[in-house]
Amino acid sequence: MFRSGIDAQHPGRAGYKKLPARGRGERFWELDFARGVCVILMVFDHFMYCLWDLMPSLNEMFGTSLFAEAQDLAIRWWISDLRVNGRLVVISAFFLLCGISSTLTRGNFRRCIPLALVAAGISAVTVLLEEWGLGMRVLFGVIHMLAAGIFLYAVYDEAASAVGGLLGKGRGADIARGALRLLPGLVGVALLVWYFTAAAQFTVTDGQWEIVSKIDAQWSDEENILRATFAYLLNFRYPSGDYFPILPWAALMLSGGILGRLIYHTDARYAFARLDGAWNSGFCFLGRHAAVIYVAHMVVIPVLLGAAAFVTSLFV
């Protein structure tokens, strides 16, 4: 999903003197590394949430007290300034990285289709689990938003390519085509500027960062849910266990396209090549499989905790 390939061959750890010949399948280790760090922090955050919210129910179900002493620590972590503010930093970095990666492939339409199918599956399964009293439905979470964001990137990028194809040949036409490929990122920046001037504001309350909407929830519940898919609403709690509306998050992802074009489509893309090595392999592995890990950990952590409680109950 978060492919960081580009049509250029990696210069290797020994360095380079000139841009190498083009090839397929190159990955930039720093992008995988950064995604890997984000994934680890997201998994840790979900684990702490499960200790707080899920583990007490599992202990009651199996008559155990597993990790009971950690519940207070998990609650304090969940409401701490470090967690609330750090979460905004991590998810912002994650979405920017996805925007950067969107510039490194021509297959963004292909990327968004499996994401959309996975998102639909997550919604279907979580709605069913909620009916059984196990957790809360996910209507528009991270995967849903990323599928929408990548689709929007593909639409704007293909439009830019189509216009660029009409410009003919010559240096001036090449420069114009290059500028047009910034279109998705520029749209993202424009949406962010509009959003934080007309529709929301960034506030700090008691040391915690927060995005507060200026759009009041004044419609029916069904209309509020639909509108809240596109942007946060004031005085409305979106009925989803995981919630990331298109604004501002998909706009932030689109904005990452500017960084991708200005860095990874110029000589600057090799700035960190000399630092590559075995030391980063673990984080890079996680970053290369970020989508799978993100989806899997939402199931694996509860299942492992449930299994641990069950096994513990056999010896109580």
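The values are calculated or read from the model by the stated rules, or taken from the named source; none is laboratory data. Owing to the predicted nature of the structure, the values given are computational and were not obtained by experimental measurement. Neighbour counts are summed over all protein chains in view; Cβ atoms, including those assigned to glycine, are modelled from backbone coordinates with ideal geometry. Only protein heavy atoms, including side chains, enter the accessible area calculation; ligands, DNA and RNA are left aside. Shrake-Rupley method; radii C 1.70, N 1.55, O 1.52, S 1.80 Å.
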Run the accessible area of the stretch 108-158 with a 1.4 Å probe and give the carbon-and-sulfur part as a rounded percent. 75 percent
Roll a 1.4 angstrom probe over the protein heavy atoms and tell me the percent of accessible area of the stretch 238-300 that is carbon or sulfur. 73 percent
Which of 92, 281 is most accessible, then next, and so on - probe 1.4 Å: 281, 92
Tell me, what is a quarter of the convex hull surface for the C-alpha atoms of the chain, in nm² with one decimal? 20.0 nm²
Residues whose built amide H sits under 5 Å from the amide H of residue 26, excluding neighbours closer than 5 in sequence, are 6, 8
How high is the relative contact order of the chain, in percent, counting Cα pairs under 8 Å that sit 6 or more residues apart? 30 percent
Could you list which residues have their amide H under 5 Å from that of residue 215, counting only those 5 or more apart in sequence or on another chain, with H placed in the peptide plane? 234
Residue-normalised value, i.e. accessible area per residue, for the chain at 1.4 Å probe, in Å², stands at 53 Å²
Computed helical MRE - 222 nm, the chain, DSSP H runs ≥ 4 contributing -39500 (n - 2.57), nearest 500: -20000 deg cm²/dmol
Local electrostatic count, residue 44, Cβ distance below 12 Å [Lys/Arg +1, Asp/Glu -1]: +1
